[in-house]
1. Return the total of residues in region 270-300 being part of a helix (DSSP H, G or I) and crowded, with 20+ Cβ neighbours inside 10 Å.
2. Check whether at least one residue in region 115-129 is crowded, with 24+ Cβ neighbours inside 10 Å, touching a strand residue (DSSP E or B) at 6+ places or on another chain (Cβ under 9 Å) and outside any helix (DSSP H, G or I), and report yes or no.
3. When the residues of region 75-114 are filtered to those that are within 16 Å of the chain's Cα centre (by Cα) and assigned to a helix (DSSP H, G or I), which remaining residue is farthest from residue 162 (Cα to Cα)?
4. Considering only region 130-166, state which residues are part of a helix (DSSP H, G or I) and under 22 Å from residue 278 (Cα atoms).
5. Taking region 161-196, which residues are surrounded by fewer than 15 Cβ atoms within 10 Å (Cβ to Cβ) and at positive phi?
6. Considering each of 299, 235, 263 in turn, give the residue that is touching a helix residue (DSSP H, G or I) at 6+ places or on another chain (Cβ under 6 Å) and either without any contact (Cβ under 8 Å) to a residue 24 or more places away in the chain or more than 24 Å from residue 62 (Cα to Cα) (or both).
7. All but one of (1) surrounded by fewer than 21 Cβ atoms within 10 Å (Cβ to Cβ); (2) outside any helix (DSSP H, G or I) hold for residue 229; state the number of the condition that does not hold.
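Here, each number is a calculation from the coordinates, and none is a lab measurement. This is a predicted model, so every value here is computed, not measured. Don't worry about glycine lacking a Cβ; one is built from the backbone with ideal geometry, like all the others, and counts go over all protein chains shown.
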């Protein structure tokens, strides 16, 4: 590892805010039905369960991921989902700081494996919260969108031979919502989409510059863990939304804009078109035909008839 602590500080700063403007939760957000539910043995493997009022048939659920560098659970405004009878679960994962401390190789594996396990855990415990295990969406804002995209692109990760019932459960999801997203840990790919951007270290085990210099050597790792490399025709439908257009607003700092530019999503969508995956991209001046916005996409996908 090379000068890792300074890179944590740099990229945390580059993210701007932990909760994106479009993700601000309501001031009167209800308390979770269950808080800090452990889905693994680590103290950062926790989730909060928010259930819409009332009883009745099993509810679809949105699983929303938090921080990659600092432990955190985030959820979008529940008022977007409760009226439609959709539950929301905020997930905290082991961070890349945790991975570096444990000498995990690569550090991003902690984040991605926890995202898979969280989905499996929710599915195994669906009856506990009256959830529909067939209707699980995943999502996140900014850094939290990366593990959601991994889940949606990685394919089935169930291990039928495991002695752990959670690991035997399916990891497949209905759809993926990515707000202000960075959908790659490949340093070369991200700079092709957004020239000059530096993001994601120490996902691959070192600084951004080190990862870029060693990119050919790191390709097997990138192909295993980066959502863009895992895109396939069977990937879950994906919706990207950004509050900025392809031109930087005058009042936005350049580093913040590069990290949250919709150019990431546009580049990802072009890759998806080549492999036959479904990706929607919305930003100012570029609406989507079928969906009003990312929240409408989640609701429509979760409430659509099952195949």
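1. 6
2. There is no residue in region 115-129 that is crowded, with 24+ Cβ neighbours inside 10 Å, touching a strand residue (DSSP E or B) at 6+ places or on another chain (Cβ under 9 Å) and outside any helix (DSSP H, G or I).
3. For region 75-114, the residue satisfying everything is 96.
4. Passing the criteria: 142, 143, 144, 145, 146, 147, 148, 149, 150, 151, 152, 153.
5. Once the filter is applied, which keeps residues that are surrounded by fewer than 15 Cβ atoms within 10 Å (Cβ to Cβ) and at positive phi, region 161-196 yields only 196.
6. The conditions single out 263.
7. Residue 229 satisfies every listed condition except (2).
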